[in-house]
Protein chains: 2
Amino acid sequence: MARASHKLTEAEWAIMQAVWKLQPCAAPTVQEALAGARKWSYSTVKTIMDRMAAKGLLATEKIRNLVLYRSAVTRRQAQRGEVMRTIKQAFNGALTPMMQFLLEGHDFTEQQLGELEALIHKKRRQSSKRRKR
Amino acid sequence: MARASHKLTEAEWAIMQAVWKLQPCAAPTVQEALAGARKWSYSTVKTIMDRMAAKGLLATEKIRNLVLYRSAVTRRQAQRGEVMRTIKQAFNGALTPMMQFLLEGHDFTEQQLGELEALIHKKRRQSSKRRKR
DNA sequence: TTGCAGCCTCTACAAGTGTAGAGTAGGATC
DNA sequence: GATCCTACTCTACACTTGTAGAGGCTGCAA
């Protein structure tokens, strides 16, 4: 599963999202997919993607004169990197304060709260099981 | 409360943390405070701080030949900016998936789980009250 | 009054990032 | 074969960030 969290820039996130959705895909495909959101020229997209490939964020395969790109990092890995960085930087590495922050600073629907609660219950069962082992 | 979320770089976070703790403070103070963690020369620290002041992240006051710095952004604002960016970029703006991610990907002590649960209960009470209004 | 200690200002530079134009090469079309 | 479309490669440039040296001003100590 290779290297830890490369951190993605904003532009890279945009590209990555497209690649996760469309892969394997060529640069023009990605450019078109993003055309609505970001007015990037083909060159821009291609440049970013090649740099990402150089960094190991994307994998490439050359078929004739076409380059196919695939993600070399899962969405989950990228998310994890991002979240860990935030926790480390903004919350001194402490997870619960960040959770508190999230909970306090936002409104949730009843359903969302229920889901979260269920998750916590599950967590609790898991950890009590672990303790008994 | 002025402008929205300037996003801080890693170096800026380090400086900010020190300033929040020590403010009002001069650049050399900050440099010394960080000396353990980062081997920055005085110039480096001062440069970053001045750039931060230019960006509106720090406020300065000149007394004689001494420049005093204060944060122009609260810790909470900065945290909020960071978290919002993460949610937006990595989770397409959806809060609960991010919470789920956090819950699933980490171990918590019984106490932490209890705290979180309490928070959710509080949340729920608040939101049901809101609904009745 | 001469120095020294502190803090400041200026300037610089390399790497990384966002952005894109100009020109090229291969396959399809007339 | 000439043309055209498409995707590619190369090159460039401005801005931001990390990093820091060189030299300047000021007040206190000797």
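The values are calculated or read from the model by the stated rules, or taken from the named source; none is laboratory data. Keep in mind the model is a prediction, meaning the values are calculated, not measured. Neighbour counts are summed over all protein chains in view; Cβ atoms, including those assigned to glycine, are modelled from backbone coordinates with ideal geometry. Ligands, DNA and RNA are excluded from the accessible area calculation, which covers all protein heavy atoms including side chains. Shrake-Rupley method; radii C 1.70, N 1.55, O 1.52, S 1.80 Å.
Determine the gain in length on full extension of the stretch B:Arg70-B:Asp107; use 0.36 nm per residue of separation and subtract their C-alpha separation, reporting nm with one decimal.
Gain on extension, B:Arg70 to B:Asp107, equals 9.6 nm.
Which whole number gives the average, over all residues in A:107-116, of C-beta atoms from other chains lying within 10 Å of the residue C-beta?
Whole-number average of other-chain Cβ neighbours for A:107-116 is 5.
Take a quick pass over region A:1-90 and tell me how many lysine pairs come in under 16 angstrom between Cα atoms, counting only ones 8 or more apart or on separate chains.
Counting lysine pairs in region A:1-90 gives 4.
Tell me, what % of the accessible area of chain B is carbon and sulfur with a 1.4 angstrom probe?
52 percent
Would you tell me the mean number of C-beta atoms belonging to other protein chains that fall within 10 Å of each C-beta in B:16-22, as a whole number?
Mean shielding count: 1.
Under the 0.36 nm per residue contour assumption, what length would be gained going from the current alpha-carbon distance of B:Ala59 and B:Arg85 to full extension?
That works out to 7.0 nm of additional length.
Charges only on Cβ, +1 for Lys and Arg, -1 for Asp and Glu: so what's the dipole of the protein assembly as shown about the Cα centre, in debye to the nearest 20?
540 debye
Checking an interface number: how much accessible area is buried between A and B, summed over both chains, with a 1.4 Å probe, in Å² rounded to 100?
Approximately 5000 Å² gets buried when A meets B.
In vacuo Debye scattering of the protein assembly as shown, one point per C-alpha: log10 I(q)/I(0) at q = 0.14, 0.15, 0.16 Å⁻¹?
Ignoring solvent entirely, the Cα scatterers give -1.11, -1.17, -1.21.
To test your reading of the geometry: what angle, between 0 and 90 degrees and rounded to tens, separates the Cα axis of helix B:10-22 from the longest principal axis of chain B?
80 degrees
If you take all C-alpha pairs in region B:1-90, what percent of them are over 15 Å apart?
When all Cα pairs of region B:1-90 are counted, 57 percent exceed 15 Å.
Using a 7 Å offset from the Cα along the Cα-to-Cβ direction at both B:Ala94 and A:Trp20, what is the distance between the two label points in nm, to one decimal?
With each label point 7 Å from Cα toward Cβ, the separation is 1.0 nm.
For B:Ala37, which inter-copy label distances result when the label point lies 7 Å beyond Cα on the Cα-to-Cβ vector, reported in nm to one decimal and in ascending order?
3.2
Using +1 on the beta carbon of Lys and Arg, -1 on that of Asp and Glu, and nothing else charged, what's the dipole of chain B about the Cα centre, debye to 20?
Dipole about the Cα centre, nearest 20: 980 debye.
What is the angle, in °, between the Cα long axis of helix B:75-90 and the longest principal axis of the Cα atoms in chain B? Nearest 10 is fine, range 0 to 90.
For helix B:75-90, the angle is close to 60 degrees.
Given a 1.4 angstrom probe, what's the average accessible area per residue across region A:1-90, in square angstrom?
56 Å²
From the label point of B:Lys55, set 7 Å from Cα along Cα→Cβ, how far away are the matching label points in the other copies, in nm, ordered shortest to longest?
Here the equivalent label points are 1.7 nm apart from this one.
Sorted from shortest, what are the nm distances separating the label point of A:Arg85 from equivalent points in the other copies, each placed 7 Å from Cα along Cα to C-beta?
Reported distances to equivalent positions: 0.8 nm.
Among the aspartates and glutamates, which have Cα under 16 Å from the Cα of B:Lys123 when same-chain residues fewer than 8 positions away are ignored?
Excluding near neighbours in sequence, the set is A:Glu104, A:Asp107, A:Glu110, A:Glu115, A:Glu117, B:Glu115.
So which residue of B has the beta-carbon closest to the axis that swings B onto A, and how many whole Å away?
Result for the B and A rotation: B:Thr86, 2.
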